[in-house]
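Worksheet: the structure to be examined is printed underneath.
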Amino acid sequence: MSQIDHIVISPYAVFVIETKNYSGWIFGSEDSEYWVQSFRKKKVRFRNPIKQNWGHVYALQEALPEYKRVPFHSIIVFTGSGLLKNVNTTTDVTYDNHLYDTIIGYEEDIENITAEDMELIANKLKEITITDEIAREQHIKQIRSNIENTQTKIRAMICPKCGGTLAKRSGPYGEFYGCSSYPKCRYKTKLGSPN
Ligand SMILES: [Zn+2]
């Protein structure tokens, strides 16, 4: 199962678009395992979106075996207020307001996909999406039931991570529940918003 953000079918190529909504400064390279978001003096790692999107491109190519000759291009789009600081990549990494230009930049490859093929690809993808909708519903149900289980445990003051007991604590950002097995288990949750 693959969750692709957006697909654009053009006469030049099929574009597989991964969108990221991040603030702060973004650092990353083509091949590293993780990229870094630097925000309010904190550094947070996230999975290299280029590598993540290659998985999506691969899944899409597998789903469209009759279009092996069609080029698939990966584009990573940042939609938040994040600034790409030191991002050196061969894959397109851009901002949402440059997405159109990025796609149009491929227009010299205009002969690649005929209008008929564009429609066939679109229809094939619609079919796949419909089947996936049932799977997606089950997936959402599973997530909901996990959240419910977690909430039930927290109400009973049981740590959802290790099964230990939770204790009310207070820190610089207010009151929270923390696992009494700390530091062995670092689970904590804000009062009223378990996650
Ligand atoms: Zn615990």
| request: Evaluate the Debye formula for the stretch 67-154 with equal point scatterers sitting on the alpha carbons, no solvent, and hand back log10 of I(q)/I(0) at q = 0.15, 0.16, 0.17, 0.20 Å⁻¹, in q order, two decimals. | output: -0.90, -0.95, -0.97, -1.03
| note | Distribution output for the chain: share of Cα-Cα pairs per 5 Å bin in percent, first bin at 0, values 1, 6, 12, 12, 12, 12, 13, 11, 7, 5, 4, 2, 1, 0
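Roughly how many debye, to the nearest 20, is the charge dipole of the chain about its Cα centre, given +1 on each Lys and Arg Cβ, -1 on each Asp and Glu Cβ, and no other charges?
Numbers: 25 positive and 23 negative charges, 506 e Å.
Its charge dipole is roughly 2440 debye.
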| request: Could you tell me which of PHE27, ILE7, CYS185 has its Cα farthest along the dipole of the chain towards the positive end, charges placed at Cβ (Lys, Arg +1; Asp, Glu -1), taken about the Cα centre? | output: CYS185
| Mind checking the dipole of the stretch 114-195: about its Cα centre, +1 per Lys or Arg Cβ, -1 per Asp or Glu Cβ, Debye to the nearest 20? | 1100 debye
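Read the figures in this text as sums done on the coordinates, not as results from a lab. All values derive from a computational prediction rather than experimental measurement. We place every Cβ from the backbone using ideal geometry, glycine too, and count neighbours over all the protein chains shown.
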